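Here's the structure we're looking at; comments come further down.
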Amino acid sequence: MAIVESILPETNDAMAAESSRTFLRQFRQNLLGMLGAVLVIFIAATAIFAPLMITHDPIRIMVGPRLAGPSLDFLLGTDQLGRDTFSRVVMGGRIPLLVAFASLGSSLAVGLVLGLIAGFGPRWLDNLLLLVFDTIRSFPSIIFALAMIALLGPSLASIILVIAITSMPIYARVVRTQTEALRSSEYIAAERSMGAGTTRILAVHVLPNVLGPLLILVSMDVPAVIAVEAGLSFLGMGVRPPTPDWGAILNDGYSYINQTPWPVIASGIPIVLATLGFTFLGEALRDIFDPKLRKDL
Amino acid sequence: MSALLRVEDLRVRFRTMGPLKALATGTRAPFIDALCGVSFEIRKGETLALVGESGSGKSTIARTIIGLQRAVSGSISFDGQEIEELSGAERKPYLRRMAMMFQDPIGSLSPRLTVRSLLTEPFRIHGLKDRDVEGEAERLLRMVGLSAEFARRYPHQLSGGQARRVGIARALALSPDLLIADEPTAGLDVSVQGEVLNLLARLQTELGMAILIITHNLNVVRHMTDRMAIMYLGRFIEVGATERIFDQPRHPYTEALLAANPEPDPDAVLNRIELKGEVPSLMRRPSGCEFHTRCRYAQDICSRVFPEPSAGQEDKKHSFRCHFPIAGDILPTSERPKLSIGKTRFR
Amino acid sequence: MWFYLCRRLVLAIAIIAIAVTLLFLMIRAVPGDPAAVLLGPRATPEMKALLHQQMGLDKPLVVQIATFFGGLLHGDLGFDVFSQRPVADIVFEQLPYTIQLILVSISCAVAIAVPLGCYSAMRRNSLVDQVAGVVTVATIAIPSFVVAVYALLIFAVTLRWLPAIGAGNGFWDGPIHLVLPGFAIGIGWVGYISRLVRASMLEVLGENHVRMARSFGISEWRIVARYALPLAILPTVTILGVGIAWLLSSAVFIEVVFARPGIGALIVNAVHTRNYPIVMGVVLVSTFLIVSATTLSDVINAFLDPRTREKL
């Protein structure tokens, strides 16, 4: 026994090191995940260092000819107002990422709190919150977003608010389900029996167990949010011109698609790369950490 | 000695369906009575066992005492204070003086906490921050025979026996007056069971707490406890001193239960009494004596008249509910081998 | 069972009622006078008062909601002041175009995805399976409007094979106008459904009765078609019910890109002109569609899956 005990702590450290090593190995084996990570890093870096990378002022009109093709000076051509498409596309990634960060962040926080309340609170409150979640989920997301924008006016804040509201119920439901499962677990009963209050139980014993799956779920929603932001901006319901934004550039390009394909090509590809990158990364994270996690539609 | 814990006429109900569904299906009483009128007391330093098949309400008693389950009626008083009606915050000072160990040794430890944090939790919960918690954790580990290195481990890195020791250490962290142990040997190897029981017995003599043991392991009952209570469908059917009940069970159910216990001694005379039939559902309790459906002595009156608890003549403390209690010795004491804790049998 | 069915129906009605009330309150909560917004800055007080009366804005809120619910029960979604026509007429005039687009896209997607998913499951880890695995994730991830604009650019603008805009009319013209929009909506669903079919097919193929059939020497395709597919397709059926929300969302973009008629294009125009009654009408109709579809798929699911049925 003494021998076993003196050996075991070392094996524990070895186990911990082993588990982080297996994560890295699994991740490296997941080629798509790696590709996703590279894309995500590339896009994030571009967004952060965008002001250093642009070749022209993305907002100033008539820096070049109108609707020109690619050239050495204008790498991706120019748009209908003679603005440099390359500079606009480089700057245009900031808003989708900002929207994703802000909306999913607030949605995560609200969903977490409401899910914990629903899962741990009294039965009637649980039922009420579930009804609210189901109601919000029954709104068709884009159509609901359009309705909200009709009311609040087209702006970045409206988009962030709409995405936060529509994505919240899924997070809250996941948290609720997990919390409810934990609620009847023996260790929660054990904590209660020692006199621990609800706040302490939720913060110390439930939250750490719920947060992991939730973060994976949120990371898998990033591509959808980028798509929604780009889509709404494409419909002219997002940022106001002349702010550069992928969806808005795509819309401009779409209007002049018969004259030049370049703005469409230049703004569509980053949207595709961003959604693909975050999707591959999110799926890889899920496969490694929580293969059983499935998000209902 | 005065009673540390006194439970009187405790009733606990569980809802079986939602009120809407009950209305829709025309069910008048969508409840089952998990406990119907249980009374007992535990004195300071005493050990009482609750014995019965699963579903008989043993764990419900424990959960109600500790406040995880509300009673419909009845009273629970701890050290002379009524605690059943207390809410969470009011109950807290009493929870400091009792502790409960749950069935699953690993599952009752919060999975993301280290053993050190698990052991120091009781201090933090009860606001005893001034104590040297690190030192306390070490002291507690030493108390249950674990080395200090265990403090850094997580529950899933412990064996069942080690986790059980951690559970004991945590339960005893604040030196409670009452320890409730729900199946303390469940899921452990036989050799480890012995170690755990010896540890509990040693700590009881050192610390002097009362223990309420819930188990269906009769060997544990026999060698750990002063008194025992046998439960059937949420009622006590026989209560008394452990030794006396083992020697002379009066209720037919107790007789069958004791006879079903595998004898550790291979030379013991096999004297099995088969219980016929299944445990009746709590939703459809039998009329009269609730055991009559399975009783081999059942008479006509048993299915009609509910037997009141009666005290045995020779000892007021030995009480049972039966119209036709077993009179004589069916198993002479001489044939039941006496086991002593921690020597040979529990290895 | 009946109890479950009733409860599910009551829940669906409750959700629609809450949704309607919320929408109604939201519209009223907006700062500013809807009538003033509609009429623009040059409106006279008399015009505003007249419009107020027409829209019922002069009555108390509770009365407004009650009137609205009463109208809903008669299929009355309100009145569009711009065109002087009932909202219901306008919405139901456009709805068939959207339904047609959705049905065509989803049936084509199923027709392609089910064989693909079966093949991937049968030849697991083959080249086709692995390529399909990557491509399907990609098609799910790429937003439909990007696919739509690119498809428009390649097939309509550059190659000029297919018409770019409108719904077309006539025997040939209509279907031809559906090709590109249907492709843009359907391609994501090909990926999604084929993954779903593949996963449930793999599960079913591992089960005993299938292995038994195989041991009798029945050909693999026959096993898949006769024994496995009917079981493996169940999750797809239930997902389609829920998927209507996605389909409606992509229909909005597709109708705008290809300038097709439909409720998507209708609501986008209404938002641009701040025509609240129309916006409200489209939201209501689509919410109703989605709630009915999810309720239906839940009920079907409950009937098909004995485990859910037990729990009821």
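List of remarks:
- Taking each residue of region A:261-289 that is facing chain C (nearest Cβ under 7 Å) and looking for partners that are polar (S, T, N, Q) and surrounded by fewer than 21 Cβ atoms within 10 Å (Cβ to Cβ) with beta-carbon atoms closer than 8 Å, six or more apart or interchain, yields A:261/C:158.
- Residues that are part of a helix (DSSP H, G or I), at the interface with another protein chain (Cβ under 10 Å from one of its Cβ atoms) and crowded, with 19+ Cβ neighbours inside 10 Å within region B:106-119 comprise just one, B:118.
- Inside region A:205-228, residues that are without any contact (Cβ under 8 Å) to a residue 60 or more places away in the chain, buried (at least 18 other Cβ atoms within 10 Å of the Cβ) and either closer than 29 Å to residue B:64 by Cβ or in contact with a Lys or Arg (Cβ under 8 Å, 6 or more places away or on another chain) (or both) make up a count of 1.
- Hey, residue A:184 more than 30 Å from residue A:223 (Cβ to Cβ), within 14 Å of chain B (Cβ to nearest Cβ) and crowded, with 21+ Cβ neighbours inside 10 Å or not: no
- Restricting region C:264-305 to residues that are more than 20 Å from residue C:89 (Cα to Cα) and among the polar types (S, T, N, Q), the residue that is surrounded by the most Cβ atoms within 10 Å (Cβ to Cβ): C:294
- Of the residues making up region A:58-68, those that are surrounded by 13 or more Cβ atoms within 10 Å (Cβ to Cβ) and either at pLDDT 80 or above or more than 18 Å from residue A:90 (Cβ to Cβ) (or both) are A:66, A:67.
- Here residue A:37 fits the description: surrounded by 14 or more Cβ atoms within 10 Å (Cβ to Cβ), more than 14 Å from every other protein chain (Cβ to nearest Cβ), under 26 Å from the mean Cα position of the chain (by Cα) and in contact (Cβ under 8 Å) with a residue 12 or more places away in the chain.
- Condition broken by residue B:96, with the remaining ones in (1) facing chain A (nearest Cβ under 9 Å); (2) surrounded by fewer than 18 Cβ atoms within 10 Å (Cβ to Cβ); (3) out of contact with any Phe, Trp or Tyr (no Cβ under 9 Å at 6 or more places or on another chain) satisfied: (2)
- Residue-level analysis places residue A:105 outside the set of residues that are more than 24 Å from the chain's Cα centre (by Cα), outside any loop (DSSP other than H, G, I, E, B), of a type in the set (Gly, Ala, Ser) and more than 14 Å from chain C (Cβ to nearest Cβ).
- The single residue among B:56, B:39 that is farther than 29 Å from residue B:187 by Cα and in contact with a strand residue (DSSP E or B) (Cβ under 7 Å, 6 or more places away or on another chain) turns out to be B:39.
- Criterion violated by residue C:160 - all others in (1) surrounded by 13 or more Cβ atoms within 10 Å (Cβ to Cβ); (2) at positive phi satisfied: (1)
- The helices (runs of 4 or more DSSP H) falling completely within region C:225-284 that include 2 or more residues that are more than 7 Å from chain A (Cβ to nearest Cβ) and in contact with a Pro (Cβ under 8 Å, 6 or more places away or on another chain) map to C:234-257.
- Members of region A:131-143 found to be surrounded by fewer than 23 Cβ atoms within 10 Å (Cβ to Cβ), at pLDDT below 85 and within 7 Å of chain C (Cβ to nearest Cβ), listed by number: A:134, A:135, A:141
- The lone exception for residue A:165 - which of (1) under 25 Å from residue A:125 (Cβ atoms); (2) surrounded by 21 or more Cβ atoms within 10 Å (Cβ to Cβ); (3) hydrophobic (A, V, I, L, M, F, W, C) it fails: (2)
- Of the candidates A:288, A:249, A:271, A:257, the single residue that is out of contact with any Gly (no Cβ under 9 Å at 6 or more places or on another chain) and either at pLDDT below 90 or under 30 Å from residue A:65 (Cα atoms) (or both) is A:257.
- Of the helices (runs of 4 or more DSSP H) entirely within region C:83-180, those holding at least 1 residues that are in contact with a Ser or Thr (Cβ under 9 Å, 6 or more places away or on another chain), touching a residue at least 60 places away in the same chain (Cβ under 8 Å) and under 30 Å from residue C:51 (Cα atoms) occupy C:87-122.
- Of the helices (runs of 4 or more DSSP H) lying entirely inside region A:156-270, those containing at least 2 residues that are in contact with a Leu (Cβ under 9 Å, 6 or more places away or on another chain) and over 30 Å from residue B:83 (Cβ atoms) are A:156-183, A:207-234, A:246-255.
- Residue within region B:120-130 that is exposed (fewer than 15 other Cβ atoms within 10 Å of the Cβ), touching a residue at least 60 places away in the same chain (Cβ under 8 Å) and not hydroxyl-bearing (Ser, Thr, Tyr) present: no
- With respect to the conditions (1) within 14 Å of chain B (Cβ to nearest Cβ); (2) crowded, with 24+ Cβ neighbours inside 10 Å; (3) over 30 Å from residue B:173 (Cβ atoms), residue A:190 falls short on a single one, namely (3).
- Of all residues in region B:40-75, those satisfying the criterion of being within 14 Å of another protein chain (Cβ to nearest Cβ) and touching a residue at least 40 places away in the same chain (Cβ under 8 Å) are B:59, B:60, B:61, B:62, B:64, B:65, B:66, B:69, B:70.
- Any chance residue C:252 is modelled with pLDDT of 85 or more and of a type outside the set (Ser, Thr, Tyr): yes
- Test: residue in region B:26-39 that is surrounded by 15 or more Cβ atoms within 10 Å (Cβ to Cβ) and within 14 Å of chain A (Cβ to nearest Cβ): no
The values are calculated or read from the model by the stated rules, or taken from the named source; none is laboratory data. Because the structure is predicted, anything quoted here is derived from the model rather than measured. Cβ atoms come from the backbone with ideal geometry, glycine included; neighbour counts cover every protein chain shown.
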